[in-house]
Amino acid sequence: MKKKMIFVLFAVAAVAFIIGAAACSHPSKESTPASGQTVAYYTCPMHPSVKSDKPGSCPVCGMELQPVYTNASLSATNNAAADAKPKPYPFDTCLVDGMKLGSMGDPYVFVYQGQEIKFCCAGCKPDFLKDPEKYMKKIQDAETAVTK
């Protein structure tokens with residue numbers, strides 16, 4: 001009786017393991033974008049500096065790359081602005097807290113109104129978005145000081 005119970009438990013565990021492995025091995029279906037959106041690139045949620053033109057996994061942590069969408073129905077002038085290279089970030093420190101970029105891993109980079117912005121971590125972005133004019137003024141002041 002005891003051997004039969006152990007065999008049944010082992011068989012149930014094996015079946016559960018096989019079902020779980022099969023469920024994880026199927027590639028996930030890419031989320032469908034809203035109408036008028038196209039995939040701009042793929043990025044890792046944990047490592048936003050990782051970008052790829054096709055789906056796959058992050059070379060740093062192995063997580064599945066997530067699509068980043070663009071709005072294909074933008075006007076021609078907005079498309080030209082979106083395709084233009086952003087102005088480079090002028091500092092080697094985080095715009096929000098002043099920490100040296102790279103001190104917490106790869107900097108978090110994004111573009112705001114044609115200006116490249118860099119933070120020490122993704123946690124600084126919400127602070128920036130609360131008052132972007134304040135931080136954009138810092139960049140403008142730095143550019144003005146360089147041109148003088």
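The values are calculated or read from the model by the stated rules, or taken from the named source; none is laboratory data. These numbers come from a predicted model, not from an experiment. Backbone-built Cβ (ideal geometry, glycine too); neighbour counts: all protein chains shown.
Laid out as a table, the results:
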{"read-out": "Selected residue (only one of PHE119, PHE91, PHE128 is farther than 26 Å from TYR42 by Cα and either in contact with a strand residue (DSSP E or B) (Cβ under 9 Å, 6 or more places away or on another chain) or at pLDDT 90 or above (or both))", "value": "PHE91"}
{"read-out": "Pair list, Cβ under 7 Å, 6 or more apart: the range 121-143 residue in contact (Cβ under 8 Å) with a residue 60 or more places away in the chain, other residue assigned to a loop (DSSP other than H, G, I, E, B)", "value": "ALA122/PRO48"}
